[in-house]
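The next block holds one structure in the form of structure tokens; read it before the comments.
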Amino acid sequence: MATWRRVLRWWFSRRERGLWPEWVYTRPFQHKGLQKGRNFQLSWINHSTFLIETPLGNILTDPIYSRRAGPFKVFGPKRVHAPGIPFDALPQIDYVLLSHDHYDHCDMNTLRQLARRDSPQGITPLANGHLLRSAGFRKIIELDVWERTPLNKANAHGVPPPVASVTLTPAQHWSSRVCGCRCGRLWGGFWLEIAERRMYFTGDTGYNEAMFLEIRKRLGAPDLAMIPIGAYEPRWFMSPQHCAPDEAVCIHRELESKLSVAMHWGCFRLTDEARDAPPRELAEALEQAGLSQKEFRILEPGETLPLW
């Protein structure tokens, strides 16, 4: 856990490894619905926010559209690029997966907008439900680690929904906001099974030699894994809570993931590495591991990846 002593030591010993730009103009993508003949597709919006379109409905992970990742809209790091899909261009959101309470993952302003517009179901670890309720969510499921809940969204046409569930997985991280106890709320990742497809969203996590092997043993190999690659320098401070690109490759291999997609980089300057370091170091780690970059993808903000 990042104690205040360690935070202050890091802050007063910081060294610039690379400058971050004030703003990055990203390539515009016009988001379209599911392509003909496809039942699943994935779009990276920014940071750890993915839009997952499925036969069960549309899922949004750790949604953040605010300008800053911090409290009161005035504190915290500023974003350096626009969300890849504008909020008004999002399709109807049926489920929101909220992995933990940190401000770059739990953005109350975005959650309020989603609650007003779509009234989605929120799924989150234990003790985070009150954050969703305060944002206006009415349908909330809180899960303990390894707890599983079925997903059975009603179909307006009377067609039975696909067999689906979500399981909360462990993550090596911590939780804290301005108000509330430090580590008083649980954190984790999400394992989705929909129509016989397995998708794993790790949430924020450091690398753990046993944890991902245990996830693989209990739940199987994912068809798709969403794994963080950023916010990892300096390692003496960040390694317990954020994995580096080479560790993300280890996670990919230990899960035996068929396809992995990078997240948690390039939008907010949270730590000391340069903005372009995570994708560059991921490419180097993949080459050293003898893996293709097609096996562990980096998407542009707003880019859509057709799946199955």
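The values are calculated or read from the model by the stated rules, or taken from the named source; none is laboratory data. Model, not experiment: these values are computed from the prediction. Every residue, glycine as well, gets a Cβ built from its backbone with ideal geometry; the counts of neighbours run over all protein chains shown.
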*Restrict the check to the stretch 236-251 and report whether at least one residue is part of a helix (DSSP H, G or I) and aromatic (Phe, Trp, Tyr).*
yes
*Of the residues that sit in the stretch 272-301 and are under 17 Å from the mean Cα position of the chain (by Cα) and not in a helix (DSSP H, G or I), which one is surrounded by the fewest Cβ atoms within 10 Å (Cβ to Cβ)?*
300
*asked:* For the stretch 97-131, give me each residue that is over 17 Å from residue 71 (Cβ atoms) and of a type in the set (A, V, I, L, M).
replied: 97, 114, 115, 123, 126, 127
_Could you check the stretch 43-65 and list, in sequence order, the residues that are out of contact with any Gly (no Cβ under 9 Å at 6 or more places or on another chain) and not aliphatic (A, V, I, L, M)?_
50, 54, 55, 57, 58, 63, 65
*Scan the stretch 253-270 for residues that are surrounded by 19 or more Cβ atoms within 10 Å (Cβ to Cβ) and assigned to a loop (DSSP other than H, G, I, E, B) and jot them down.*
257, 264, 265, 266, 267, 269, 270
*Please state which one of 107, 144 is closer than 22 Å to residue 228 by Cβ and out of contact with any His (no Cβ under 9 Å at 6 or more places or on another chain).*
107
*Subset tally (residues that are closer than 19 Å to residue 20 by Cα and over 16 Å from the mean Cα position of the chain (by Cα)) for the stretch 236-268*: 1
_Looking for something outside any loop (DSSP other than H, G, I, E, B) and under 16 Å from residue 122 (Cβ atoms) - is there at least one such residue anywhere in the stretch 67-79?_
no
_Options 184, 230, 206; residue that is under 23 Å from residue 83 (Cβ atoms) and either of a type in the set (Gly, Ala, Ser) or part of a loop (DSSP other than H, G, I, E, B) (or both)_ = 230
*asked:* Give me the strands (runs of 3 or more DSSP E) completely within the stretch 80-178, filtered to those with at least 2 residues that are within 18 Å of the chain's Cα centre (by Cα), ordered by residue number.
replied: 95-97, 121-125, 139-143, 164-169
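Each row is one residue, and each column tells you yes or no for (1) out of contact with any Ser or Thr (no Cβ under 9 Å at 6 or more places or on another chain); (2) without any contact (Cβ under 8 Å) to a residue 60 or more places away in the chain; (3) under 23 Å from residue 261 (Cβ atoms).
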position	(1), (2), (3)
113	yes, yes, no
119	yes, yes, no
125	no, no, yes
138	no, yes, no
*Can you find even one residue in the stretch 238-252 that is acidic (Asp, Glu), within 19 Å of residue 200 (Cβ to Cβ) and buried (at least 19 other Cβ atoms within 10 Å of the Cβ)?*
yes
*Residues (of a type in the set (S, T, N, Q) and surrounded by fewer than 23 Cβ atoms within 10 Å (Cβ to Cβ)) located in the stretch 202-237*: 208
*asked:* When you scan the stretch 54-62, do you find a residue that is part of a loop (DSSP other than H, G, I, E, B) and closer than 18 Å to residue 302 by Cβ, even just one?
replied: yes
*Within the stretch 248-282, work out how many residues are within 27 Å of residue 78 (Cα to Cα) and out of contact with any strand residue (DSSP E or B) (no Cβ under 9 Å at 6 or more places or on another chain).*
10
*Pairs only if they're at least six apart or on different chains, beta carbon under 7 angstrom, first in the stretch 160-184 and farther than 17 Å from residue 228 by Cβ and without any contact (Cβ under 8 Å) to a residue 40 or more places away in the chain, second of a type outside the set (S, T, N, Q) and buried (at least 17 other Cβ atoms within 10 Å of the Cβ); list them, first residue then second.*
165/151; 165/193
*In the stretch 50-61, which residues are touching a strand residue (DSSP E or B) at 6+ places or on another chain (Cβ under 6 Å) and of a type outside the set (Phe, Trp, Tyr)?*
51, 52, 53, 54, 56, 59, 60, 61
*Here are some residues: 282, 270, 286, 305. Which one is under 29 Å from residue 55 (Cβ atoms) and at pLDDT 95 or above?*
305
